[in-house]
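Let me begin by presenting the structure, written as structure tokens, before commenting on it.
The values are calculated or read from the model by the stated rules, or taken from the named source; none is laboratory data. Nothing here was measured: the structure is a model prediction, and the numbers come from that model. All Cβ positions, glycine included, derive from the backbone under ideal geometry; neighbour counts span all protein chains shown. These area figures cover heavy atoms from the full protein model, side chains too; ligands, DNA and RNA do not enter into them. Shrake-Rupley method; radii C 1.70, N 1.55, O 1.52, S 1.80 Å.
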Amino acid sequence: QVQLVESGGGLVQAGGSLRLSCTASGRTFSTYAMGWFRQAAGKEREFVGTISWNGGTVYYADSVKGRFTISRDNAENTVYLQMNSLKPEDTAVYYCAGGRGIMRTMTSDGVEDWGKGTLVTVSS
């Protein structure tokens, strides 16, 4: 099992930027895909994006495409989510996730390990 710890959440004004980090420990981080999901209050958890084990392939949800960028540093066991042009509707708890099935399913079904989440609040 992998332990995932997110950081970097906070309060930002609309149009601003934040970078989330997720550091992994407990298993070989570089062997599986990583992803980001988010859950707004009163809504289901939704897929944000995913990156392959070597960083060569990245997919995004349509709602964040062109504004968010996922990257990873396997030497540091860390995956990042750079969020630009933030909107109030991006307000949510953001979860880091790992699993070999994330890229295939782009849903929670593909997740083997979850972080505890970090809150991002975008004010209008």
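If the condition is being on the phi > 0 side of the Ramachandran plot, more than 17 Å from the chain's Cα centre (by Cα) and touching a residue at least 12 places away in the same chain (Cβ under 8 Å), then the range 2-43 contributes Gly15, Gly26.
With respect to being under 11 Å from Met106 (Cα atoms), surrounded by 15 or more Cβ atoms within 10 Å (Cβ to Cβ) and touching a helix residue (DSSP H, G or I) at 6+ places or on another chain (Cβ under 6 Å), Ala61 falls outside the description.
Name the residue that is farthest from Thr28 (Cα to Cα), counting only residues in the range 75-92 that are open to solvent by 40 Å² or more (accessible area, probe 1.4 Å) and under 11 Å from the mean Cα position of the chain (by Cα). That would be Gln82.
The condition of being at pLDDT 95 or above and in contact with a Pro (Cβ under 9 Å, 6 or more places away or on another chain) holds for only one of Val122, Val58, that being Val122.
Applying a threshold of 9 Å to beta carbon distances and a minimum spacing of six or more residues, or different chains, the list of pairs starting in the range 98-124 at a residue that is closer than 14 Å to Gly49 by Cβ and ending at one that is modelled with pLDDT under 90 and aliphatic (A, V, I, L, M) reads Gly98/Val2.
Note on the range 26-58: residues that are under 22 Å from Pro88 (Cβ atoms), part of a strand (DSSP E or B) and open to solvent by 10 Å² or more (accessible area, probe 1.4 Å) total 4. Looking at the range 112-124, which of its residues are polar (S, T, N, Q), open to solvent by 30 Å² or more (accessible area, probe 1.4 Å) and assigned to a strand (DSSP E or B)? Across the range 112-124, the qualifying residues are Thr121, Ser123. Scanning the range 96-111 for residues that are closer than 23 Å to Gly9 by Cβ, open to solvent by 40 Å² or more (accessible area, probe 1.4 Å) and not polar (S, T, N, Q) yields one hit, Met106. For Ile70, the conditions (1) open to solvent by 50 Å² or more (accessible area, probe 1.4 Å); (2) assigned to a strand (DSSP E or B) are fulfilled apart from (1).
Name the single residue, out of those in the range 11-25 being part of a strand (DSSP E or B) and exposed (fewer than 13 other Cβ atoms within 10 Å of the Cβ), that is modelled with the lowest pLDDT. Checked the range 11-25; the qualifying residue modelled with the lowest pLDDT is Ser25.
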